[in-house]
Amino acid sequence: MFKHWALSALLGILLGLGGVHAIGQATCVSFTSSLSSFPVVSNNRATPILLSEDEWPGVQRAASDFASDIERVTGVKPSALNYTAGQTPNIGTTAIIIGTLGQSSLIDGIVNRTNLDVSTIEGQWEAFLTREVTDPLPGVSNAYIMIGADKRGTIYALYDHSEQFGVSPWYWWADVPTTHNAEIYVASSGCAHGTPTVQYRGIFLNDEQPALQNWAMVMYTNGTGAALTGSPFNHYFYTALFELILRMKGNYLWPAMWASAFGVDDTQNQPLADYYGIVMGTSHEEPMMRSIPVEWDLFGVGPWDYSVNAQNIYDFWVVGAERAKPYENMFTVGMRGDGMPLAGGTNIALLEEIVADQRQILTNTYPTVNVSTIPQMWCLYKEVLGYYEDGMTVPEDVALMWTDDNYGNVERYPTVEERNRTGGAGVYYHYDYVGSPRNYKWITSSQVAKTYEQMSLAVARNATRIWIVNVGDLKPYEMQTEFFLAYGWDSSIWNMDNLDSYIVSWAVREFDLPASDAQEVANIIAYVTRFNARCKPELLNSTTYSLYNYREAETVLAQWEAVNASATRIRDQLTSDMQAAYFELVYHPVQATYTLANMWISAGYNNLRASQVIVSANDYGVEVESLFEQDYELEVEYHTILDGKWDHMMDQTHVMYYYWQQPQGNTMPFISWIQSQKLALTGAMRILLENSQGAWPGDNQYDCAQGYSCPNPTVYLDSYVPAGNRYFVVGAGGPNTFSYTATSNATWLNLNNTDNYVSLSAPEQRVYASVEWSQVSDVQYALISFNATVEDQSEMSFTVTFIATNNIAPSGYVGFVEGDGVVSIEAAKAARNTSVDGVTWTNIPNYGRTVSGVTPWPRGSADQNYSIGTGPSIEYDFYTFDAYNDTNVTVTAYLSPSLNALGPDRPLAIALQMDSDDPQVSYFIPNAAPGSLPDAWNQWVSESIVTVPMTFYAPPGAHTLTVYMIEPAVVVQKLVVDCGGLLPSYLGPPESIFMNGTA
Ligand SMILES: *[C@@H]1O[C@H](CO)[C@@H](O)[C@H](O)[C@H]1NC(C)=O
């Protein structure tokens, strides 16, 4: 049923219905009248808003935002007043009536009087409905009523409409302009939403230095911050933040805590949150609504160690509970040492005692309330997870908060036995992180598809009580943050095939783009987050992408350049009022990360060319210097748009990490200068080969194993190499300009750029060699001669042997074909797919490092696993030749780093089978001690992949590789068959040529 709903909402998006802004939710707004619509603003008149004096103050406040939003769109502001019982309101015959069931006497009265059916929302957490009713009040013939089942239900009804009217949740936080319309109408049938999928949906402002803190210091303080803490996060800051959270339909916050204490920084913070309707929590290591370490450092007595200082810590927590008592909270229970495991060896018993004491404090604080009904959460982070796995008991009503590995891979979801706890379970997720293997807090680096893949498991496995995402400095993770909250709001809307439409409709909402341009923005976001997710910008270095194998680095750069060109094209057609929003949300992340990647790759080429003694090293060096300055200029641009509104928001350092922690400044990648006035010992002409880091003529450690007196090189090309050719670099080994010719002695060998100049100003020429395969039978040899006429020097000549192998797959063959001694298969390109028990290997578009990922789907709640060879399977056909004379091949599966999220007795596993041989199984994520991660984990998350090799017997010919499901939640991105030719690279070889049977 929800599918139908999602489909019609989607159709609305695709048809661009009336310019209404919505991302997936059902819509009920239009900008022209119809028979079944109710006017919000018509003929320059805004329909008045009626509320009730006994309404929640937070709803009164949101209603005033609602009135302002109507004015933002139409220029006309509705009047708003409280209804006095029994009277005829002096507003004319129509009204918008807003109220909360059971709270607003106005709404309760109308429900009574009109017999309105509110059973669909009554008692439902945060549900709402809206619709037109007739004769709701004396003198009012028609009203559009907006009813929430509770306080936030009403608030969400209002903001949901505001969004559809044209006010983005990010109108202030990302400067998204409001689209103007003279009139607004709502459908008489209204909009409705039931209880959200996830009860508490929140963000964690963490790692909030330097950007957010420095920015807020300028924006919200006179430069000094709070008296005791120096924090700038006062109620002015939180006023803006709470509104944003509610507009995104979030309800929960872990406040900034590095150098801040929410309850101390500004005594208005806690009551303000409650007034707005935000449930406050504290992070996983800050029990009982007090900040750690800031508040403990200010007010604590003795060590933060319950085994020796229980009474002082107990008293400290009593203050936290009493202080929070008037407000809506989610209490963090448990205890961690200050970022470290607790002292002493009796941790489990001690933690159980601590939680018992904390619950006693809650019982004393709320004497009339059953402690089991007070929202409490225990985050099983790092070592605490270990204690839990070792048998620590957790009270049934406390929500178990599971965490990811800080890199977006959830460590544990509830097992089947854990799913019926009354406290439920939650997930703490990261878009931003400080710690090993490396911080990532500069820029957006999380893929929506990956977030969906992980959080859909949370839905399937009932971890839906609490979701919180660490958003670091808040900007620039705007869209990803909203997706996280939107998916938690209603997981039924989103599936792997319409995730793209999330970003498309987001781009339409933020920039008013036509569908094709919005799709282009979605592609830009998909690419830039892919590039940043497969290697976090903070982890990039000059050799991440291979500088010589598979043209990897240059392909990566070309892709980035294309994304940049596309982002620039969109920017150039946006009106000036859209520029700031587009810069913040799309353009800056593209430009900044493209610049950084270009800088690192250029540094790599500088280093490589220097070692190869080609003077182009200096051009790359200059490029690095210029990109290093450009990187800073982009930061300055961010800080100066809109008269400096976002000054400091890009303060985060991001160039050149020496260890996991951020550098204290940006330093340029290492570069080397070549003495370009001095001629190379072996003369002016330098020759480089593809897939080699050597250089000829003369000695180079990579020219042959011996490293000196190496023979002239041989280059191989076969008929199924994806690039279709080989290149040579003719480079300048010094200041002497030379002209060169490249010639071959074979008619079947084509060379381009055969006749050109190389000089200090054009220090590299590329010569591409390709083959007329129709003229080559089997294996043929040719010689390529490079001859140089050098200024002031004698002529030079250099010869390379070229071997062409014409492999021919059988006519009509369908499948991948070996080229360059490998078969590289993107997992999406399966030949056959066999379901078992309704579970099918299914493609997740835009997921992972290269194209997509396939995973067994659906992830039912049963978490079925299979013995080898019996599970759902997916097959890939490929064809190999005998180029390497090898009957054994190594198949490497490129798998997502995921964790044994069903507990230690369910390690992830996969089975591969070659043809009809016995399948081989790999439990590829080894068990680690409870609460810790496998040894290789840092490498796996740094590279965003786990590679699992298996060796099979596969003589030349046609083969089928079958992947079997063993455990759920395994994602396969790529499969590489090494027939003897595999070369090192970051992403693996480019996809092999696929024969579709017609050639
Ligand atoms: C309605 O009454 C409440 C409580 O007195 C007040 O805070 C609020 O501002 C009033 N609302 C309007 C629209 O007058």
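Details
- Shown for segment 699-739 is the translational diffusion coefficient from the Stokes-Einstein equation, using the Kirkwood radius over Cα pairs, a temperature of 25 °C and a viscosity of 0.890 mPa s: 184 µm²/s.
- The equivalent ellipsoid of segment 431-569 has semi-axes of 27, 21, 14 Å, largest first, where each one is the square root of 5 times an eigenvalue of the Cα gyration tensor.
- Cα-Cα pairs of segment 265-402 separated by more than 20 Å (percent): 43 percent
- Take the Cα of residue 299, step 7 Å toward its Cβ, do the same at residue 777, and the gap between the two points is 9.2 nm.
- Ranked by the mean number of other Cβ atoms within 10 Å of their residues, highest first, the peptides 137-150, 359-372 come out as 137-150, 359-372.
- Amide proton proximity set for residue 974, modelled H, under 5 Å, gap of 5+: 827, 894
- Alpha-carbon Rg with Dmax, taken over the chain, Å: 31.8, 108
- Cα centroid separation - segment 967-993 against segment 418-492, whole Å: 28 Å
- Extension gain, residue 905 back to residue 622 (0.36 nm per residue minus Cα-Cα distance, nm): 96.4 nm
- Each of 116, 908, 749 was scored by other Cβ atoms within 10 Å of its Cβ. Arranged with the fewest first, they read 116, 749, 908.
- Take the Cα of residue 754, go 7 Å toward its beta carbon, and the backbone nitrogen atoms of segment 782-820 under 19 Å from that spot belong to 782-789, 796-804.
- Taken over the alpha carbons of segment 259-319 as equal point scatterers, the Debye sum produces base-10 log I(q)/I(0) values at 0.13, 0.22, 0.24, 0.28 Å⁻¹ of -0.37, -0.90, -1.03, -1.25.
- Positive-end residue, the chain charge dipole about Cα centroid, Cβ charges, pick of 229, 555, 491: 491
- Cα long-axis angle, helix 347-365 against the chain (0 to 90 degrees, to the nearest 10): 30 degrees
- Isolated cysteines of the chain, defined as having no other cysteine beta carbon under 4.7 Å away, are 379, 535, 979.
- Placing +1 on the Cβ of every Lys and Arg and -1 on the Cβ of every Asp and Glu, with nothing else charged, gives the chain a dipole about its Cα centre of roughly 1100 debye.
- For residue 300, neighbours were defined as the other residues whose beta-carbon sits under 10 Å from its Cβ, and their charges (Lys and Arg +1, Asp and Glu -1) total -2.
- The label point for residue 832 and the one for residue 497, both projected 7 Å from the Cα toward the Cβ, are 2.3 nm apart.
- Helix 588-611 vs. the chain, principal-axis angle (Cα, 0 to 90°, nearest 10): 20 degrees
- Mean residue ellipticity (222 nm) of the chain, computed from DSSP H runs ≥ 4 via -39,500 (n - 2.57), nearest 500: -9000 deg cm²/dmol
- The residue among 89, 104, 70 whose Cα reaches farthest toward the positive pole of the charge dipole of segment 67-215, with charges on the beta-carbon of Lys, Arg, Asp and Glu, is 89.
- Residues with amide H under 5 Å from that of residue 840, placed H, sequence gap 5 or more: 857
- Each Lys and Arg adds +1 at its Cβ and each Asp and Glu adds -1 at its Cβ; summed about the Cα centre, segment 664-820 shows a dipole of about 260 debye.
- Amide hydrogen neighbours beyond the local backbone of residue 806, cut-off 5 Å, H modeled: 778, 779, 780
- Gyration tensor verdict on segment 120-187 (Cα atoms; rounded if a/c is under 1.5, prolate if a/b is larger than b/c, oblate otherwise): oblate
- Where GluC sites (Glu not before Pro) in DSSP loops with at most 15 other Cβ within 10 Å are excluded, longest remaining stretch of the chain: 397-771
- With respect to the chain, whose longest principal axis is taken over its alpha-carbon atoms, helix 552-573 is tilted by about 50°.
- Near residue 655: Cβ cut-off under 14 Å, other residues only, Lys/Arg at +1 and Asp/Glu at -1. The net charge is -4.
Where a number appears in this text, it was derived from the coordinates with a stated rule and is not lab data. Predicted model, so just to flag it, every value in this text is computed and none were measured. Neighbour counts run over all protein chains shown; Cβ positions are idealised from the backbone, glycine included.
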